[in-house]
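Take a look at the structure set out below.
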Amino acid sequence: MKRLILMMMMVCTIIGYSQKKKNGTIYSEHPAIDVVTDFRKAFVAGDADKVSSLLADDFQSWNGTNSNKDAKPGTKEGAAKNVEWWKNNIAYLSIEPSSGAYPDAIEYKDENQKDVVWVQTWEQLKGVHNKTGVKLDMPVHRLYVVNDQNKIKTIIDYSDRTVWAENSQSFTPRENGTIFNHHDNINAVRRAMGALEHHDMDTFYTFFDEKATFRNIHMAVGTPAMTLEEDKEGMNKMMENFDINSIDVQGYPDYLNYEMGDAKVVQSWWKLRMTRKSDNKEIVMPLFVIHNFNDEGKIVGENAYYSQALMSAK
């Protein structure tokens, strides 16, 4: 039995080794990495001449996320123009290695790769478009092929292209729904605030879906939204400490029916007048509330903006 187990272990070891084949060497320091680093610095500096000097005459660039089989590669001439475009259109441009990342240079053993070195980088690209204000802050993975003259002959870029769609759409005005100053959803918010003013919490919560969520400006980012029951508990505690004297609308509420996502949102501004029971101090507090509605006219989400400092002021 022991002999059988030993033989099986030897077979497994042989299989394990047979599945490995060394096909080159990876370097963390290499002249090809230096060329890529110089290229990145020249690109960020907007030095088109320097960029061109680092590219091979037969240079090609490719979008690694493009599945179009008929796509044409970028050229050396196009790369120089690209540098000028970034210089003239993107403010605060920076390209730095991603946290914990560093470039690798790979010399493959393959015969058809003997005259080139592959360099791979993981970087964070940042900037702001001068006209649209669209922010660039995205990871970029690039593969560089450096020839035996230490010139870059190929760049394959893998990055988020959705930001460019947003940027191109931002050059022309585009409507995104309709704004109403009178609507049933506005009426629902006003009726709910009227119920709150009169301490009629049973009626107040009839305007909310049973799965509604609640947030306010004082909740830390990432904190889970409160449930309906949790909001009821919080409102009860508030009622124990304050008398609501009146809730007065400021200006008029807006109902926004967005085209994108068909979101249904009421924004409203209020002046909340309260008396603190502990010392009879009268408080006048601005309140801004955003309510999200479902198709049935029920509130499914609330975001409240108010000052806790005013509520606790001496």
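Things worth noting here:
Residue by residue, here is whether (1) modelled with pLDDT of 95 or more; (2) within 30 Å of the chain's Cα centre (by Cα); (3) of a type in the set (A, V, I, L, M, F, W, C) holds:
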{"residue": "Cys12", "(1), (2), (3)": "no, no, yes"}
{"residue": "Ala32", "(1), (2), (3)": "yes, no, yes"}
{"residue": "Leu93", "(1), (2), (3)": "yes, yes, yes"}
{"residue": "Pro103", "(1), (2), (3)": "yes, yes, no"}
{"residue": "Asp115", "(1), (2), (3)": "no, no, no"}
{"residue": "Thr121", "(1), (2), (3)": "yes, yes, no"}
{"residue": "Lys126", "(1), (2), (3)": "yes, yes, no"}
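- Residues (open to solvent by less than 80 Å² (accessible area, probe 1.4 Å), assigned to a helix (DSSP H, G or I), touching a residue at least 12 places away in the same chain (Cβ under 8 Å) and out of contact with any His (no Cβ under 8 Å at 6 or more places or on another chain)) located in the stretch 69-102: Lys76, Gly78, Ala79, Ala80, Val83, Glu84, Trp86
- Residues of the stretch 103-123 classified as under 30 Å from Asn167 (Cβ atoms) and part of a strand (DSSP E or B), total: 5
- Filtered by the rule that a residue be in contact (Cβ under 8 Å) with a residue 40 or more places away in the chain and open to solvent by less than 40 Å² (accessible area, probe 1.4 Å), the stretch 232-262 gives Met239, Phe242, Ile244, Ser246, Ile247, Pro253, Asp254, Tyr255, Leu256.
- Whichever residue in the stretch 103-126 is β-branched (Val, Ile, Thr) and in contact (Cβ under 8 Å) with a residue 40 or more places away in the chain and, among such residues, is nearest to Ile26 (Cα to Cα): Ile106
- Residues of the stretch 125-172 classified as open to solvent by 40 Å² or more (accessible area, probe 1.4 Å) and not in a strand (DSSP E or B), total: 18
- Flag for Asn176 being farther than 20 Å from Ala304 by Cβ and either in contact with a strand residue (DSSP E or B) (Cβ under 8 Å, 6 or more places away or on another chain) or aromatic (Phe, Trp, Tyr) (or both): yes
- Within the stretch 266-295, tally of residues that are in contact (Cβ under 8 Å) with a residue 60 or more places away in the chain and surrounded by fewer than 18 Cβ atoms within 10 Å (Cβ to Cβ): 1
- Neighbours by Cβ (under 9 Å, 6+ apart or cross-chain): first from the stretch 173-198, closer than 14 Å to Trp269 by Cα and assigned to a loop (DSSP other than H, G, I, E, B); second open to solvent by less than 30 Å² (accessible area, probe 1.4 Å) and of a type in the set (Phe, Trp, Tyr): Asn181/Tyr255
Matching residues to (1) acidic (Asp, Glu); (2) at negative phi; (3) surrounded by 14 or more Cβ atoms within 10 Å (Cβ to Cβ); (4) in a strand (DSSP E or B):
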{"residue": "Lys41", "(1), (2), (3), (4)": "no, yes, no, no"}
{"residue": "Lys50", "(1), (2), (3), (4)": "no, yes, yes, no"}
{"residue": "Asp58", "(1), (2), (3), (4)": "yes, yes, no, yes"}
{"residue": "Ser67", "(1), (2), (3), (4)": "no, yes, no, no"}
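- Filtered by the rule that a residue be assigned to a strand (DSSP E or B), acidic (Asp, Glu) and more than 25 Å from Ala313 (Cβ to Cβ), the stretch 214-266 gives a lone residue, Asp254.
- Answer from Gly46, Gly78, Gly74, Gly24 - the residue that is in contact with a Lys or Arg (Cβ under 8 Å, 6 or more places away or on another chain) and modelled with pLDDT of 95 or more: Gly46
- Condition met for Lys69 (out of contact with any Ser or Thr (no Cβ under 7 Å at 6 or more places or on another chain), charged (D, E, K, R), at pLDDT below 95 and more than 29 Å from Lys21 (Cα to Cα)): yes
- Tabulated pairs, the stretch 54-67, first closer than 19 Å to Phe43 by Cα, second open to solvent by less than 80 Å² (accessible area, probe 1.4 Å) and of a type in the set (Phe, Trp, Tyr), C-beta under 6 angstrom, 6+ apart or interchain: Leu54/Phe39
The values are calculated or read from the model by the stated rules, or taken from the named source; none is laboratory data. Since the model is a prediction, treat every value here as computed from it, not as a measurement. Counting neighbours? That spans all protein chains shown, and the Cβs are built from the backbone with ideal geometry, glycine included. To get the accessible areas, we keep the full protein, side chains included, count just its heavy atoms, and leave off ligands, DNA and RNA. Shrake-Rupley method; radii C 1.70, N 1.55, O 1.52, S 1.80 Å.
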